[in-house]
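Structure first, commentary second.
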Amino acid sequence: MKKNLILGVSIAAVALLFTACGGSSRIQKATSERLDLEKTVRCIPSLATLDVLPTRVTATAYANELEGLKDEEMKQAIVAKALATVNGDVMVAPQFVKAKGADGKMTSMTVSGYAASIKSFRPMTEADVTFDETLLDKTTQPTPDRKVVNTMTVADVEFAPKKSLALTPVELVNKNEAQALKLAKEKMLRQEKADVLYHEDYNVTLDGGKVSAFTLTAFPAKYVNYRKPTKRQQLALKPSVTPIVNYRAIAADIKTVAPRCQLKFGTGNAQAKESELKETARAAALKKYNADFLLNETFYFDYQEKVITHITICGTPAVYANFRPLVDGEVVDVKLVPFAGEGAPKEEQKGGLFGLFGGLFKKK
């Protein structure tokens, strides 16, 4: 390759010499086939250890703050708001509750969960995963349309501590949100001499539709320890073109906070689905007992002319306690799926009166 490069430079120099001397030069055109090798380096997935705070954090965002956002974007925004109060990175077991007005439109969204910070990163190893060992016996056939291929190169991803970068007013002139984010990312990559940013989070302030303040927070990372993987490593770790971070399994004990409860709510004869009524009843029960979930949760429905008039929820209120990384050999239960509910129904009182939870999630 070096010889070809030197020859090309020599020919160019001779042609230039003839041109300078007033002579004529002839360019010969030809066709040739090129077999360029891909230069992609794949990243070994990383494993992050979380440090979970033992107390829940809560945040509420109102409709004017969430205007124009899709449901998942609203959840991301409210989680970011809650995590910012404790400088957290991840929320464990979040509960989302939407409050609605009399017209049925959402007035606010509240999230409650356990904030966690990323304590450390390390490259994953084969011991961290399980995979089909029989695949090792199968040979990989070369792609027929490629005559020359390069062997796979992988790299570990080395993470630096979390960094924060604020753009100056001058840098924000005539920039929209997307342009400010692009500039902030480029600036942080350059300042930290990093290859990639992980867990990007930013706060933007808009003034009359223009960006007046912008702060980016992320973990800068570099690619290190370039090497060729074995087939076993390739199958087990599945290296990717972009960095992937998995969280080390979090274990938690379960602690009951009250005896088994039974709460009955009136639905106002609303044409609501059973699934929606379950979610709203569950949200109210968890709010009343300040719990994360109900053990042995069951529901009962009362009907009148095929319309649900009342829903009763039963269960033992419980919370997560003693968060810690899962250790080898520890017996675990199935993963508990966090509840994401909407609003709260009114608990049925003696004599048919409503109201114990009627104002639970109203805007304060």
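Where a number appears in this text, it was derived from the coordinates with a stated rule and is not lab data. All figures in this text were calculated on a predicted structure; none of them were measured in a lab. Here the Cβ positions follow ideal geometry from the backbone for every residue, glycine too, while neighbour counts run over all protein chains shown.
How high is the relative contact order of segment 158-226, given as a whole-number percent (alpha carbon pairs under 8 Å, six or more residues apart)? Present the calculation step by step, with values, prior to reporting the outcome.
Values: 118 pairs, mean separation 31.7, N = 69.
In percent, rounded to a whole number, it is 46.
Please order Lys255, Lys162 by the number of other Cβ within 10 Å, starting at the fewest.
Ascending number of Cβ neighbours within 10 Å: Lys255, Lys162.
Taking the Cα of Cys261, stepping 7 Å toward and past its beta carbon, and measuring to each backbone N in segment 299-319: which are under 15 Å?
Zone members listed by number: 299, 312-319.
In vacuo Debye scattering of segment 158-226, one point per C-alpha: log10 I(q)/I(0) at q = 0.14, 0.18, 0.23 Å⁻¹?
-0.42, -0.63, -0.91
If packing is taken as the average count of other Cβ atoms within 10 Å, what order do 300-309, 152-161 fall into, highest mean first?
152-161, 300-309
Give the peptides 313-326, 231-244 in descending order of average Cβ contacts within 10 Å, highest first.
313-326, 231-244
Between Asp137 and Asn225, with labels modelled 7 Å along Cα→Cβ, what's the label distance in nm to one decimal, could you check?
According to this spin-label approximation, the distance is 3.1 nm.
Given a Förster distance of 45 Å, report the FRET efficiency between Ile254 and Thr168 from their Cβ-Cβ distance, rounded to the nearest 0.05.
The formula returns an efficiency of 0.35 here.
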